[in-house]
1. May I ask you to say which residue of Asp215, Asp211 is outside any helix (DSSP H, G or I) and in the same structural domain as Ser148 (by TED's automatic domain parsing)?
2. Only one of Glu66, Glu82 is part of a helix (DSSP H, G or I) and over 16 Å from the mean Cα position of the chain (by Cα). Can you tell me which?
3. Please work out which one of (1) within 18 Å of Tyr124 (Cα to Cα); (2) crowded, with 22+ Cβ neighbours inside 10 Å; (3) in contact with a helix residue (DSSP H, G or I) (Cβ under 8 Å, 6 or more places away or on another chain); (4) of a type in the set (A, V, I, L, M, F, W, C) is the condition Val68 fails and give its number.
4. Would the range 133-152 turn up any residue that is over 19 Å from the mean Cα position of the chain (by Cα) and either in the same structural domain as Leu207 (by TED's automatic domain parsing) or within 18 Å of Thr74 (Cα to Cα) (or both)?
5. Just wondering, is there one or more residues in the range 148-158 that are under 19 Å from Val33 (Cβ atoms), in contact with a Ser or Thr (Cβ under 6 Å, 6 or more places away or on another chain), of a type outside the set (D, E, K, R) and without any contact (Cβ under 8 Å) to a residue 60 or more places away in the chain?
6. Could you identify the single residue in Arg123, Arg106 that is loosely packed, with under 14 Cβ neighbours inside 10 Å, without any contact (Cβ under 8 Å) to a residue 60 or more places away in the chain and part of a helix (DSSP H, G or I)?
7. Residues that are modelled with pLDDT under 95, assigned by TED's automatic domain parsing to the domain that holds Ala140, β-branched (Val, Ile, Thr) and under 20 Å from the mean Cα position of the chain (by Cα): does the range 165-172 have at least one?
8. Report, by residue number, each residue of the range 42-54 that is out of contact with any helix residue (DSSP H, G or I) (no Cβ under 8 Å at 6 or more places or on another chain) and touching a residue at least 12 places away in the same chain (Cβ under 8 Å).
Amino acid sequence: MPDLRALFWPRSIALVGASPDKSGIRGRIVDAVRQYGFDGPLYPVSRSHESIDGLTAYASVSALPEAVDLAIITIPARYVPEVMKACGKRGIRAAIIISSGFAEERGEQGAAREQAVRAAVQRYDLAVLGPNGEGFMNSAIPLTASFSPTIFDLEHGLTPAQSTAGGIAVVSQSGGVGFSFFNRGRPKELRFSFVVSMGNEAGLEGLDVVDYLLDDNNTDALIMFVEGFRTPGKFAPVASRAA
């Protein structure tokens, strides 16, 4: 099993495809990661800009000054397989692939891209969410590695100050549905520890994430939104652990 701690509790992050344009996902991701006080090093990776929002940008993953824990990838789909290989070679252990244009689309091209991503994941033992996902939120760090509109400009932060409720983790194969639980529960003073969007599951499966979060000290309850299991045999042992 790859290193899920590097994914969900990163100490440093590369923003691959970052942009100063706040009207698009690539610019909003930069704001999302910074907005609630994540204090680890952030490294934009961009071939078009020397700096983004006051952060020095690097032309490629291989040019990064350190092997970060997590890469958040928002570049066009056709470039993603090579970037995944570059992440593995650089020693990066985890990635979120926000980019779409993989097996969710009709035709052979997207499926071939996704298979190339799977090959890189397996070769370098990477902990990967996506592709075609909305990322995740970890309220304890706090970190919002997502472009979901539900996590922006929250008046009272990610967790209700007065709530004594235990933490709820949401693991969803639909990013929109997953973050909608947070959006509807937050005004009711519910406390969410994690919201995780799985995307196409070219790397981790939803049950892998649930199994990991069962040992999380900030999580007392789990919600899973499932469209289908890639490996059905994992369900019974994970459900038994959760019972």
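1. Asp215
2. Checking each option against the conditions leaves just Glu82.
3. (3)
4. No, the range 133-152 contains no residue that is over 19 Å from the mean Cα position of the chain (by Cα) and either in the same structural domain as Leu207 (by TED's automatic domain parsing) or within 18 Å of Thr74 (Cα to Cα) (or both).
5. Scanning the range 148-158, I find no residue that is under 19 Å from Val33 (Cβ atoms), in contact with a Ser or Thr (Cβ under 6 Å, 6 or more places away or on another chain), of a type outside the set (D, E, K, R) and without any contact (Cβ under 8 Å) to a residue 60 or more places away in the chain, so the answer is no.
6. Arg123
7. Looking for residues that are modelled with pLDDT under 95, assigned by TED's automatic domain parsing to the domain that holds Ala140, β-branched (Val, Ile, Thr) and under 20 Å from the mean Cα position of the chain (by Cα), one finds none in the range 165-172, hence no.
8. Of everything in the range 42-54, those that are out of contact with any helix residue (DSSP H, G or I) (no Cβ under 8 Å at 6 or more places or on another chain) and touching a residue at least 12 places away in the same chain (Cβ under 8 Å) turn out to be Tyr43, Ser46, Arg47, Ser48, His49.
The values are calculated or read from the model by the stated rules, or taken from the named source; none is laboratory data. Since we're looking at a predicted model, the values are computed, not measured. No Cβ is skipped: glycine too gets one built from the backbone with ideal geometry, and neighbour counts run over all protein chains shown.
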